[in-house]
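Input: a single structure, listed below in structure tokens.
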Amino acid sequence: MKTTISVIKADVGSISGHLVAHPALMEACDDTLGKALEEGLLEDYYITRCGDDIDMIMTHRNGEENEEVHETAFNAFMKATERARELKLYGAGQDLLSDTFSGNIKGMGPGVAEMEFKERPSDPVIVYCCDKTEPGAFNLPLYKVFADPFNTAGLVIDPNLHDGFKFEVFDVMEHKKVILECPEETYDLLALLGSTGRYVIKRIFKKNGEIAASVSTERLNLMAGSYIGKDDPVAICRAQSGFPSAGEVTEPFAFPHLVSGWMRGSHNGPLMPTSEEEANPIRFDGPPRVIGLGFQIADAKLGLHVDLFDDPAFDLAREEATKIANYMRRHGPFEPHRLPSEEMEYTSLPGVMEKLEGRFKKMD
Ligand code: F6R
Ligand code: MG
Ligand code: MG
């Protein structure tokens with residue numbers, strides 16, 4: 001029998017602007033998922049939050065894209081939205097594009113990462129949840145985990161990893177996908193992954209086809225036609241015996257790399273790894289955050305988890321991120337802190353151009 005892990009997330013309202021999801025909303029989600037557990041649809045679940053996003057981590061036996069599981073997640077977010085409206089929270093229902101479920105939660109606003117697998121005798125699984133950034137934020141760390149021998153020692157010294165991995169990459173602009181193999185096609189892969197707003201890692205597989213990682217790649221802003229929030233992403237990675245170890249899977253986050261997002265989804269800033277408790281993106285609505293939860297799946301149950309970045313060994317990454325945040329902030333409205341105009345999600349430029357239209361003169 002196979003196990004499915006579905007991580008479904010949405011921002012449906014938060015306290016004091018787009019900062020922190022209200023506990024009452026997480027309780028509303030808990031009510032709905034609790035019932036689904038009692039009814040036997042879910043095997044287990046854990047609800048967390050990163051900034052203003054609620055992340056529902058669910059295990060079950062129903063496979064990916066299961067209508068009932070997706071509907072349960074949708075109902076949980078609807079119930080949380082009701083609470084958010086009662087409490088007049090900020091951005092109530094922000095990520096729900098419709099109030100009627102249409103068979104699959106994908107395309108309705110929430111982000112989804114799922115994977116189905118046959119449990120190994122022992123199956124460590126790591127879930128990452130971000131706020132104030134976009135799915136392409138995972139390109140660099142997941143490339144390092146599954147393809148960079150300077151990060152993942154196992155690629156060199158463990159015969160079970162030595163063959164490398166296959167990367168499924170989505171072109172989120174053209175709605176196309178491609179599979180590239182590493183190490184054979186490393187340079188082609190990097191040529192795509194460097195364009196983080198367009199090419200995003202969707203899944204990673206072992207060469208034998210076993211699933212290794214899955215990322216939410218919804219682009220809410222493109223789906224909605226106008227900006228209604230960044231697509232703060234989530235990712236699932238399997239670890240150990242044949243996959244990179246938990247330490248190799250978390251290692252890239254010791255480097256707080258620059259990602260798009262932060263204030264108004266329109267700025268570059270460092271991705272800061274924090275504990276669940278410290279996932280409060282407050283300074284200039286950020287800097288962007290990532291939390292990591294380490295589970296030990298057993299008979300489709302999540303069990304206890306380790307809060308992976310609640311480790312003093314990541315203090316330096318947080319300090320470095322704070323220093324980078326300072327440095328980037330000093331650029332104010334200038335690139336490369338502010339995103340290039342075509343990638344900005346808030347812009348006054350068309351209005352400014354209209355106002356100045358008659359005043360632009362031909363250069364000599
Ligand atoms: C970014 C984010 C925030 C908001 C900003 C303005 O993803 O959520 O930085 O963009 O607080 O929000 P509004 O336009 O709602 O006042
Ligand atoms: Mg919000
Ligand atoms: Mg958010």
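Here is a list: A313, A298. Which entry is within 23 Å of the chain's Cα centre (by Cα) and farther than 24 Å from M26 by Cβ? Before you say what the answer is, go through the steps one by one.
Details: A298 fails: within 23 Å of the chain's Cα centre (by Cα).
Exactly one residue qualifies, and that residue is A313.
Which of the residues that make up segment 276-311 are over 13 Å from G51 (Cβ atoms) and of a type in the set (S, T, N, Q)?
Q296
Using beta carbons and a limit of 7 Å, which pairs, at least six apart or on different chains, have the first residue in segment 31-53 and on the phi > 0 side of the Ramachandran plot and the second one within 16 Å of ligand 3 (Cβ to nearest atom)?
Close Cβ pairs (under 7 Å, with a partner that is within 16 Å of ligand 3 (Cβ to nearest atom)) amount to G51/L19; G51/V20; G51/D131; G51/K132; G51/A279; G51/N280; G51/P281; G51/R289.
Do we find that L25 is modelled with pLDDT of 95 or more, closer than 14 Å to A80 by Cα and buried (at least 18 other Cβ atoms within 10 Å of the Cβ) in this structure?
Considered against the rule, which asks whether it is modelled with pLDDT of 95 or more, closer than 14 Å to A80 by Cα and buried (at least 18 other Cβ atoms within 10 Å of the Cβ), L25 comes out as yes.
Looking at the structure I just gave you, is R49 closer than 26 Å to H18 by Cβ and among the basic types (K, R)?
Judged against the criteria, R49 is a match.
Restricting to segment 69-94, and then to whatever is charged (D, E, K, R) and closer than 18 Å to M56 by Cβ, can you tell me which residue is farthest from ligand 3 (Cβ to nearest atom)?
E71
Considering only residues that are acidic (D, E) and surrounded by fewer than 18 Cβ atoms within 10 Å (Cβ to Cβ), look in segment 31-65 and name the one that is nearest to M78 (Cα to Cα).
Top of the filtered list is D31.
Inside segment 95-133, can you point out the residues that are closer than 21 Å to P23 by Cα and either exposed (fewer than 14 other Cβ atoms within 10 Å of the Cβ) or away from ligand 3 (no atom under 16 Å from the Cβ) (or both)?
Once the filter is applied, which keeps residues that are closer than 21 Å to P23 by Cα and either exposed (fewer than 14 other Cβ atoms within 10 Å of the Cβ) or away from ligand 3 (no atom under 16 Å from the Cβ) (or both), segment 95-133 yields only V127.
In segment 17-34, which residues are touching a strand residue (DSSP E or B) at 6+ places or on another chain (Cβ under 7 Å) and either of a type in the set (V, I, T) or within 11 Å of ligand 2 (Cβ to nearest atom) (or both)?
Residues satisfying the conditions are G17, H18, V20, A21.
Can you pull out the residues in segment 312-335 that are in contact with a strand residue (DSSP E or B) (Cβ under 9 Å, 6 or more places away or on another chain), part of a loop (DSSP other than H, G, I, E, B) and not small (G, A, S)?
H331, E335
Considering every residue within segment 58-71, establish whether at least one is within 21 Å of the chain's Cα centre (by Cα), within 16 Å of ligand 2 (Cβ to nearest atom) and not basic (K, R).
No, the conditions are met nowhere in segment 58-71.
Condition check: in contact (Cβ under 8 Å) with a residue 60 or more places away in the chain and touching a strand residue (DSSP E or B) at 6+ places or on another chain (Cβ under 8 Å). Does G294 satisfy that? Reasoning before the result, please.
Working: in contact (Cβ under 8 Å) with a residue 60 or more places away in the chain: yes; touching a strand residue (DSSP E or B) at 6+ places or on another chain (Cβ under 8 Å): yes.
The answer is yes for G294.
Kindly evaluate D123 against the criterion of being charged (D, E, K, R) and either over 17 Å from F243 (Cα atoms) or in contact with a helix residue (DSSP H, G or I) (Cβ under 7 Å, 6 or more places away or on another chain) (or both). If you could, list the steps in order and put the result at the bottom.
On the way: charged (D, E, K, R): yes; either over 17 Å from F243 (Cα atoms) or in contact with a helix residue (DSSP H, G or I) (Cβ under 7 Å, 6 or more places away or on another chain) (or both): no.
No.
Would you check which residues across segment 301-310 are touching a residue at least 24 places away in the same chain (Cβ under 8 Å), in a strand (DSSP E or B) and within 21 Å of the chain's Cα centre (by Cα) and list them?
Scanning segment 301-310 gives H305, D307.
For segment 92-119, give me each residue that is away from ligand 2 (no atom under 16 Å from the Cβ), hydrophobic (A, V, I, L, M, F, W, C) and either more than 18 Å from the chain's Cα centre (by Cα) or at pLDDT below 95 (or both).
F101, I105, M108, F117
Of all residues being in a strand (DSSP E or B) and surrounded by fewer than 19 Cβ atoms within 10 Å (Cβ to Cβ) in segment 259-299, which is farthest from ligand 2 (Cβ to nearest atom)? Just the residue, please. Quick ask: steps written out before the conclusion?
Filtering segment 259-299 down to residues in a strand (DSSP E or B) leaves 259-261, 267-270, 272-273, 283, 286, 289-298.
Going one step further and asking which of them are surrounded by fewer than 19 Cβ atoms within 10 Å (Cβ to Cβ), we end up with 283, 294, 296, 298.
Working: R283: 16, G294: 27, Q296: 32, A298: 35 Å.
Ranking the candidates gives A298 first.
The values are calculated or read from the model by the stated rules, or taken from the named source; none is laboratory data. Since the structure is predicted, the reported quantities are computational estimates derived from the model, not experimental observations. Cβ: placed from backbone, ideal geometry, glycine included. Neighbour counts: every protein chain shown.
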